Structures are given as structure tokens and as C-alpha cells.
There are 2 protein chains.
Amino acid sequence: MTTTLDELRRLTAAAAKAAPIAAAASDAERAGWLRAVADRLDEHADELIEIADSETRLGSTRLKGEVARTTGQLRLFADVITEGSYLEAIIDHADPSATPPKPDLRRVLHPLGPVAVFSASNFPFAFSVAGGDTASALAVGCPVIVKAHSGHLALSLRMAELVGAALEEAGAPAGMFGLVTGREAGNALVGDPDITAVGFTGSVAGGRALFDIAASRLDPIPFYGELGSINPVVLTAGAVERRSDELAKGLVGSFTLGVGQFCTKPGVVFVPSGAGFEDAVAQSVDGAAGGPLLTDRIAEAFPGGIRRLLDDEAVRLVSGAAEQDAVNDGATPVVLATTAAAVRERPETLLEEVFGPTTLLISYDSEDELLASLAVVPGSLTATVHAEDDEEVEGIVDALRRRAGRVLFAGWPTGVAVNWAQHHGGPYPATTSLYTSVGATAARRFQRPVAYQSAPERLLPPALREDNPLGIPRRVDGILVLP
Amino acid sequence: MTTTLDELRRLTAAAAKAAPIAAAASDAERAGWLRAVADRLDEHADELIEIADSETRLGSTRLKGEVARTTGQLRLFADVITEGSYLEAIIDHADPSATPPKPDLRRVLHPLGPVAVFSASNFPFAFSVAGGDTASALAVGCPVIVKAHSGHLALSLRMAELVGAALEEAGAPAGMFGLVTGREAGNALVGDPDITAVGFTGSVAGGRALFDIAASRLDPIPFYGELGSINPVVLTAGAVERRSDELAKGLVGSFTLGVGQFCTKPGVVFVPSGAGFEDAVAQSVDGAAGGPLLTDRIAEAFPGGIRRLLDDEAVRLVSGAAEQDAVNDGATPVVLATTAAAVRERPETLLEEVFGPTTLLISYDSEDELLASLAVVPGSLTATVHAEDDEEVEGIVDALRRRAGRVLFAGWPTGVAVNWAQHHGGPYPATTSLYTSVGATAARRFQRPVAYQSAPERLLPPALREDNPLGIPRRVDGILVLP
């Protein structure tokens with residue numbers, strides 16, 4: 001079942017009609033819509049998890065947590081818009097004595113308009129139909145049209161029914177939410193004149209193709225894509241010396257979590273040469289669970305990615321089997337190893353993301369070599385360092401910060417907290433923009449500023465009226481003022 | 001004199017080397033750099049104005065004001081970074097009792113890296129070598145390489161000397177500022193691997209070509225372009241009835257200001273049919289000053305643009321001469337008129353920006369016709385309405401807001417205040433991004449977020465340390481806290 005271009009046009013036209021109504025709705029009304037969707041999904045959690053498990057084989061424990069995360073995310077955005085800072089209201093009163101005289105000027109953010117959201121294969125709830133992109137767009141008053149992922153189509157259709165019905169019953173305008181299926185409809189969606197921005201989570205190849213459509217429009221639109229990430233980890237000599245087994249265990253847990261299909265999976269690990277860390281990992285990974293991969297396509301690609309790495313003369317197999325029938329038997333963990341020198345010579349080959357339960361241990365001889373090697377690591381969502389308290393790692397932290405959007409200390413990157421401070425983004429190809437797709441600040445992606453000059457009080461948006469009827473934080477004549 | 005590609009590479013490599021040093025500098029240090037540049041330019045104002053006048057013929061009064069605006073802008077950004085909100089510091093403390101447990105997470109904005117700035121022809125100071133793009137990039141710690149505009153090359157070279165020397169003496173790192181000339185160097189600059197973002201002010205054709213280079217890089221970078229703007233004005237029946245002459249005078253003053261070469265020039269004016277406003281404008285424009293245009297190329301294009309409009313059967317000449325030798329004699333004001341019906345039929349032809357002292361009066365029969373016509377107006381930097389207090393103009397304001405980044409009431413769009421609330425941007429082609437190129441929030445274009453997870457206090461940037469050593473506003477556990 002795929003959406004025809006006629007059906008697509010009807011959906012985007014309806015979204016364009018809904019946009020001004022949604023923009024005019026109060027924050028309290030929109031917060032109500034989000035909470036209604038969250039409640040509806042929680043009510044249907046068991047049914048949804050069953051469909052999702054049959055399509056993705058992710059297991060009910062993981063999926064249950066993901067539903068909770070998804071509904072929590074919807075409720076977080078209800079809180080974010082209620083708090084009101086997201087409107088970035090700024091008021092500069094007139095200054096007739098200035099040279100030249102300054103007029104009264106007041107700035108606020110308005111919703112962009114209909115947003116296209118491309119769902120991901122690996123998070124059927126949290127990065128899909130009612131995931132973070134959808135929640136943040138609806139929150140600020142943008143209608144959403146989701147492109148369903150073919151890996152969990154039945155779930156997507158059922159989710160769309162529930163989301164649509166919940167929005168309608170909560171009073172959202174018709175056209176506020178729609179769903180399309182099929183690659184042709186997806187491409188057309190990005191080029192559709194009524195679409196004003198795109199949120200995307202997926203592969204580098206797929207994301208870049210859609211980015212190119214968005215950028216080559218007559219009127220280019222922002223494309224917020226999360227594409228691919230190798231997520232480097234650095235282990236210092238001190239850390240390996242003192243906690244080798246613990247680190248090996250943590251690493252194995254992280255790179256095999258969700259059968260290695262997290263966008264924050266640690267794909268490469270810089271380890272000090274000759275410290276025996278490979279053996280510790282080989283021991284830990286022995287018996288670690290693999291499992292079925294999300295789709296046959298991903299399962300077919302997994303051993304291919306391993307073989308491509310092993311074709312390089314500098315790459316060795318530490319643990320696991322290069323030859324796997326991951327389609328029929330599921331994937332089993334594979335650990336590879338190489339040297340920092342080889343990585344610096346052939347970064348394109350050795351630092352390409354392999355989706356699935358595998359990681360590459362890269363041995364380095366000195367901090368200088370480590371820093372030189374980190375400079376060739378592609379932009380990533382996360383970068384992690386494990387060090388001892390008395391080690392001087394400022395240089396390493398600085399190098400990691402340049403390559404990633406989140407820097408972790410003494411932890412593992414899988415697991416992305418949904419809160420105000422989260423940043424899930426990073427230098428290309430981690431993301432195609434400077435924004436996050438997780439956490440409160442994700443809402444800013446779907447808003448644009450408008451300044452009102454010398455506007456009569458009654459024509460100003462409530463956020464900008466003199467007596468602050470919304471009771472929100474604002475900057476007034478340069479000073480941040482709390483309500 | 002044009003920059004060779006070898007020279008360009010040396011400049012961008014030096015900028016890349018300066019970037020981490022500038023990023024590590026304190027806000028107070030960078031504020032000092034900006035103030036040093038402002039002081040230096042003020043000291044040399046007379047000399048600079050003389051060079052600028054000889055190259056642009058804009059006149060010393062206007063240029064004097066522009067220098068003051070430019071140095072004021074540099075000082076505003078010094079204030080902005082001193083205040084500290086621009087860092088968008090967010091702290092979420094750990095919550096071990098949450099499911100799953102939440103780690104300590106702290107987010108702050110870091111500078112992107114070297115920025116390319118393309119200067120404009122029409123503002124040799126405020127949107128050029130040391131203009132808003134340069135000031136906002138330097139403020140947040142990004143080195144800048146300016147592409148000089150050929151229309152004021154001598155000024156650009158002298159400005160670059162002064163800016164470079166002031167930065168060096170104030171302690172900024174070598175490589176913090178550079179200047180290139182020539183189209184080839186400009187194109188190469190946008191594609192240069194060390195460049196992380198581009199600021200641009202200029203034409204739709206030139207800007208789009210550079211946007212396309214930025215978007216087609218292996219690693220696409222943000223392109224903050226201000227391209228072109230028709231700046232619609234709406235006059236209601238009530239306003240024209242009561243203040244026809246005053247409005248005509250105001251309009252003529254605005255569309256002829258700077259010989260019609262402002263990006264916010266009112267290019268089209270919607271006027272009620274049969275209210276005699278054309279006559280009032282014809283009377284006001286009689287004897288209004290024209291003047292020399294900025295460059296021969298602009299002067300050659302001006303009568304061509306007028307003729308192209310007059311070739312349309314629905315366009316009439318209200319005042320002025322279609323045939324002009326603007327290259328040798330300067331440009332004289334031209335007023336044209338057409339109908340809203342014609343504009344809706346041929347928006348591509350009738351609503352194209354003509355740079356220079358001309359405006360197009362568009363007569364409308366009803367508010368419905370006005371609203372339908374506003375829907376085809378291209379994205380603009382500004383939109384203006386003149387109405388009487390007792391008129392209901394909510395619908396008009398809403399339509400204008402959708403097409404522009406700044407909505408003005410009872411004023412004229414030329415004149416852009418530099419302050420916290422300003423927004424100088426709008427839907428494409430007004431800008432290629434959701435950002436402003438004027439005012440405090442312009443700084444956000446050159447920053448990207450980084451989140452620190454479970455970081456030891458000593459490894460956190462000062463903005464995120466527990467005791468808030470910078471004394472800046474921060475969001476802590478969801479609550480905005482003032483210092």
C-alpha cells in the first residue's frame with residue numbers, strides 16, 4: 001500500500017489549511033493536544049508493543065521502555081511550551097532620543113508551517129510516527145506529515161490512527177496530522193510546496209538524497225537530518241590499567257545493545273597499545289547475546305560491512321564470525337581491531353559505520369598519535385572518554401568536542417536522556433544541521449522569528465503585549481525578565 | 001588584484017589554527033577585541049568615509065551614519081557576549097531515581113569555526129568587511145574571512161588593514177581575520193574544507209549560486225544568505241482617505257532613500273482602487289532627488305528592470321522616465337502602477353525586485369482581493385501596513401506576517417534598528433535561513449550545541465560549572481535562573 005501523489009497533495013493541502021489555525025491556538029491548547037496523544041498511546045501500549053515486536057523483533061521489554069520514552073517526550077514538549085521561553089520573546093521599547101531614533105520593536109518565534117517527518121527503522125516509537133520530530137513540530141504549532149518506515153508499516157498505520165483520533169478529539173484542526181507510505185511519496189513530500197521543513201532519522205545515503213531535494217527546491221527548506229555516526233570512544237592508559245575488565249564489559253553491553261542498532265553505538269574504540277584490552281573484550285563478548293536484526297536488508301548488509309573491513313590488510317578479527325547468515329540466524333557480535341596509523345591512512349574505509357553488533361578497536365601508541373587520529377574521525381553524535389581522575393585529558397576532551405555533539409565521561413553513549421539539556425546532533429554526517437532531534441531545544445527547528453515594529457497593542461501576539469499576559473520569560477530592553 | 005587559490009588556502013589554514021584559540025578566549029577578551037575594532041574604525045572615520053564616498057557615491061552624511069551604525073554594532077555584540085545568554089547554558093542534574101536513571105547533562109553553545117563573509121555593494125560599512133556578519137562571528141569566537149565586494153575594493157582593503165591591526169593589538173590570535181578578492185576566490189572559499197559557515201548579503205542570482213556550492217559540499221555547511229526582497233506595503237482605504245499626501249510623501253522618501261538601493265526598499269505598494277493615491281504620489285515624487293547608483297552594473301540594470309515591467313500590458317507609468325542613462329546621469333525616480341488581478345496572474349514578472357529608485361503601485365478592489373494577492377508576494381524582509389485605528393486589519397497583519405520577517409505599522413521599512421529584538425530575515429528569497437543578519441540574535445548562526453554528560457567539574461567549560469563563575473543566565477533542571 002503506497003500513497004499516490006494525488007493523496008499526498010490532499011494531505012499537504014489540508015496541512016497548509018490547518019497551519020494558521022494551529023499557529024493561532026494557545027500554548028495551553030497545544031499542550032492539551034500533546035498530552036491527549038500521550039495518554040492515547042499509553043492506553044494502547046500493550047497492543048502497540050505487540051505489533052511493534054512482530055515487525056521489529058526488538059522484544060517487549062525494550063519496546064515497553066520505548067513507548068514510555070515516547071509519551072514522556074510528548075509530555076515534555078507540553079511542559080516546554082507552557083513554560084514559554086521557547087517563544088524567545090524580545091521587546092525593545094522605542095528610543096526617540098537615539099540617533100537615528102529607534103522604533104518600538106518586538107520579536108517572537110512563529111511556527112514555520114507543515115513539517116515532513118521521516119521515521120527511523122531502529123526506534124519504531126521514539127523516532128517514528130509520534131516521536132521527537134513529530135512532538136516538537138506539533139508543540140510549536142506545525143502540522144506534521146509522517147513518512148512511515150517500511151520496516152514497521154502496520155505499527156505506523158495503527159499509530160497514525162491513534163494520533164489522528166487523539167488530536168481530533170482534543171480539538172486540533174483537521175489536517176494537523178497525516179501519514180504517507182512509499183519512497184515516491186516520500187521524495188515528493190520533501191519537494192512539496194506546502195512543506196516548510198523536514199525532520200529525518202536514517203542512513204547517510206537516504207538522508208543525503210532527501211537533503212539534496214530540500215536544498216535544490218526553488219525555495220530551499222531546512223532539512224534536519226540525523227544520518228550516521230561512528231561514536232568514537234577513547235580509553236586512556238590509566239583507565240585500561242585499572243579497570244580493563246569493567247570497561248570491556250561496559251563496551252560489550254553498549255555495542256550489542258539493541259543488537260548494535262543504536263545511532264549512538266560505539267563504533268570505534270581507541271585503546272592504548274599493548275595493554276591487553278583486546279583480550280578483555282574477547283573474554284567479555286564470549287557468549288554475549290546477538291539477535292535478529294530489524295529488517296532483512298539490514299541483516300544482509302551486516303556481514304558485508306564486516307567483510308569490507310576485514311579486506312583491509314591492517315584489520316584483524318578479535319572475536320566473532322565474519323561469515324554469518326544474519327538474515328536467518330540473527331546477527332552475532334563481532335569485534336575487530338586495527339591500528340591508529342592505518343585509520344589515519346584510510347579513514348574513509350576504516351571509519352565507515354557498520355549497523356549491527358560490531359565495534360573496531362583502534363590501538364594508539366601515544367597521546368599525540370591519538371589526537372592526530374581523532375582529527376580524521378567523521379562528525380558523530382557522541383564521543384566518550386574513560387580516564388582516571390588524575391590523568392590530564394583536556395586535550396582529548398577538546399578533540400572529542402570538535403568531532404561530536406555530546407561528550408561523555410566514564411559512561412557509554414547508548415541511552416539518550418530526554419530533557420532540557422540533551423543534544424542529539426553533531427558535525428556532518430551525524431546531522432545536517434546545528435540542531436538536536438532530542439530534547440527541549442528540538443522545538444526551535446520549526447519556528448522562525450518575526451519582529452513587529454510600532455505595532456498597536458491589540459495587534460501584537462499575546463507573547464509580546466506590554467503586560468505579559470502569558471506570564472513568560474522575556475528580554476526587555478536588553479534585560480532578561482522572569483515572570 | 002585578486003586572491004590566488006594558494007593565498008586563499010593559507011588564509012583558511014591560518015583561520016583554522018586560530019579557531020581553537022579564539023574558542024578558548026573568555027567572553028571578556030573577545031568583547032575587548034570587538035571594542036578595539038570599533039574604536040579603531042571610529043578613529044579613522046573621516047579617512048574611511050572619504051574612500052567610501054569616492055567608490056560608492058553614497059555621500060558623506062549617509063556614510064557617516066553608517067560608520068556609527070557599524071561601530072555601534074560591534075559594541076552591541078560585545079555587550080551581548082558579556083551578558084552571557086548567548087551561550088544558552090542548560091544544566092540538568094543527574095536523577096538516579098528516574099527510569100531509566102538520568103545522568104548529569106550540561107549543554108552550551110560553542111563556536112563553529114572559520115566563517116566566510118560576503119560583503120554587500122549597498123552598505124560598504126554595515127554589511128561589509130566589519131559589518132554585522134563579521135561582528136557576530138568574531139563575537140562568538142569564529143575567525144572570519146571576508147570576500148570583498150568589487151564595488152568598494154579600496155575601502156575593503158583599508159578596512160581589512162585596520163581590522164586586522166586592531167585585532168592583533170588587542171590580543172586576538174593570528175589568522176583571526178582575513179580578506180580575499182575576486183570571484184574565483186569567493187567560490188573556492190565556500191567550498192573550502194576549513195570554512196564552517198557562510199554569511200552573505202547580495203543578489204538572488206549570486207547568493208543562490210553560492211548557496212548551491214555550500215549545500216553540495218561533501219559536508220554541507222550552513223549558508224546564511226540575505227538575497228532579495230520586494231517589501232510589500234499595504235495602504236488601507238481609511239489610511240488613504242485621511243492621510244493620502246502624508247503617505248505619498250513617506251513612500252517617496254522611503255523608496256528613493258539611498259537612491260532606492262536598500263534591501264528593505266518598499267518595492268510594491270497595495271493601494272485601494274480609485275482613491276487617487278497615484279496622483280498624490282506623482283505630485284510628491286515630482287522633483288524628488290535621484291542620484292548616481294552604486295556601480296555601473298547596477299546603473300545599467302535599472303532602466304532594464306523598468307522596461308521589463310512596462311512591457312507587461314497591465315503596467316502603466318505614473319511618473320518618471322523609463323528611458324534613462326543612469327550610468328552617466330544617475331538614476332531618477334520612477335513610479336509604476338498595475339492591478340492586483342495582473343499581479344496574481346503574473347507574479348514572477350510583476351513582483352521581481354528592481355534595484356534602484358522605483359516602486360510599483362498595485363490597486364486592489366476589496367480586502368478579499370488584497371489577501372489573495374498578498375499570498376503570491378515572494379518572501380520578504382519586511383511588510384508594512386498603514387491603517388486607521390478603527391479599522392479591522394487582523395487579516396492583513398496575519399497575511400503580511402506569513403510573507404515577511406518584520407511587520408511594520410505606520411512606518412516605512414528602510415531603516416533597520418540594531419538591537420536585541422531586530423529580525424532582518426524572512427521566507428526565501430529574503431533569506432536562505434531562519435536567521436537574522438542584524439541584531440543580537442545573529443550570533444546564534446555561528447554556534448553549535450555540545451552536551452557534556454557526567455563531566456568532572458574541572459573539565460567543564462566555565463559556563464557550565466556548578467557555581468556559575470561567569471555569572472550568566474542558565475536553565476537549571478528546567479528552571480531559568482538569573483545570576
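Values for this structure:
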{"read-out": "Accessible area (Å², per residue) of segment A:233-408, counting only protein heavy atoms and a probe of 1.4 Å", "value": "39"}
{"read-out": "Distance between modelled label sites at B:L218 and A:D325, nm, 7 Å Cα→Cβ extension", "value": "3.9"}
{"read-out": "Computed [θ] at 222 nm, helices only, for chain B once each DSSP H run of length n ≥ 4 contributes -39500 (n - 2.57)", "value": "-12500 deg cm²/dmol"}
{"read-out": "With all protein chains modelled, accessible area of B:R242 [1.4 Å, Å²]", "value": "140"}
{"read-out": "Phi-based couplings in Hz for segment A:28-33 (Karplus 6.51, -1.76, 1.60; Gly and Pro marked x)", "value": "5, 4, 5, 4, x, 4"}
{"read-out": "Nm distances between copies for B:E169, ranked from closest, using label points 7 Å along Cα→Cβ", "value": "7.2"}
{"read-out": "Shape of the protein assembly as shown, Cα gyration tensor, a/c cut at 1.5", "value": "prolate"}
{"read-out": "With Cα atoms, 0 to 90° folded angle of helix B:5-24 axis to chain B main axis", "value": "60"}
{"read-out": "Accessible area (Å², 1.4 Å probe, nearest 10) - A:D104", "value": "30"}
{"read-out": "Closest-to-axis residue of chain B (Cβ criterion, axis taking B to A), whole Å", "value": "B:A215, 2"}
{"read-out": "Amide H partners (placed H, <5 Å) of B:T339, local residues excluded", "value": "B:S363"}
{"read-out": "Förster radius 60 Å - calculated FRET efficiency between A:L5 and B:E161 (Cβ-Cβ, nearest 0.05)", "value": "0.55"}
{"read-out": "Accessible area buried at the B-A interface, both sides summed, 1.4 Å probe (Å², nearest 100)", "value": "5700"}
{"read-out": "Vicinal HN-Hα couplings computed from phi for segment A:128-143 (Karplus, 6.51 cos²θ - 1.76 cosθ + 1.60; Hz; Gly/Pro x)", "value": "9, 3, 10, x, x, 4, 4, 4, 6, 6, 4, 4, 8, x, 9, x"}
{"read-out": "Positive-end extreme of charge dipole, chain B - chosen from B:A280, B:V269, B:Q422 (charges on Cβ)", "value": "B:Q422"}
{"read-out": "In sequence order, calculated HN-Hα J values of segment A:338-343 (Karplus, 6.51, -1.76, 1.60; Hz; x Gly/Pro)", "value": "8, 10, 4, 4, 5, 5"}
{"read-out": "Largest-first ordering by accessible area, 1.4 Å probe, given options A:V418, B:V144", "value": "A:V418, B:V144"}
{"read-out": "Minimum 30 Å² accessible area buried by the other protein chains, segment B:74-103 residues, probe 1.4 Å, relative to alone", "value": "B:I90, B:D92, B:K102"}
{"read-out": "Contact order normalised by residue count of chain B, Cα under 8 Å, 6+ apart, percent", "value": "18"}
{"read-out": "Accessible area (Å², 1.4 Å probe, nearest 10) - B:C142", "value": "0"}
{"read-out": "Descending semi-axes in Å of segment A:203-306, equivalent ellipsoid built from Cα gyration tensor", "value": "35, 18, 10"}
{"read-out": "Per-copy distances of the A:A372 label point, shortest first, in nm (7 angstrom along Cα→Cβ)", "value": "7.1"}
{"read-out": "Where A:S156, B:S97 fall by accessible area, highest first, once all protein chains stay in place (1.4 Å)", "value": "B:S97, A:S156"}
{"read-out": "Accessible surface of the protein assembly as shown, 1.4 Å probe, proportion on carbon and sulfur as whole %", "value": "53"}
{"read-out": "Distant-in-sequence amide H partners of A:V268 (H built 1.01 Å from N, under 5 Å)", "value": "A:V233, A:L360"}
{"read-out": "Cα-centre dipole for the protein assembly as shown with unit charges at Cβ (Lys and Arg positive, Asp and Glu negative), debye to 20", "value": "60"}
{"read-out": "Set A:K102/B:K147; B:K17/B:K64; A:K17/B:K265; B:K64/B:K265; A:K64/A:K249; A:K64/A:K147 screened for pairs whose C-alpha atoms are more than 27 Å apart", "value": "A:K102/B:K147; B:K17/B:K64; A:K17/B:K265"}
{"read-out": "Exposure ranking of A:F262, B:F270 by accessible area [1.4 Å probe, largest first]", "value": "A:F262, B:F270"}
{"read-out": "Angle in degrees between helix A:153-169 and the longest Cα principal axis of chain A, rounded to the nearest 10", "value": "30"}
{"read-out": "Interface residues, segment A:201-222 - accessible area loss of 30 Å² or more versus chain alone, probe 1.4 Å", "value": "A:R208, A:F211, A:A215, A:P220"}
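The values are calculated or read from the model by the stated rules, or taken from the named source; none is laboratory data. The structure presented is a predicted model; accordingly, all values stated were derived computationally and were not measured. Here the Cβ is made from the backbone with ideal geometry for all residues, glycine too, and neighbour counts use every protein chain on show. These area figures cover heavy atoms from the full protein model, side chains too; ligands, DNA and RNA do not enter into them. Shrake-Rupley method; radii C 1.70, N 1.55, O 1.52, S 1.80 Å.
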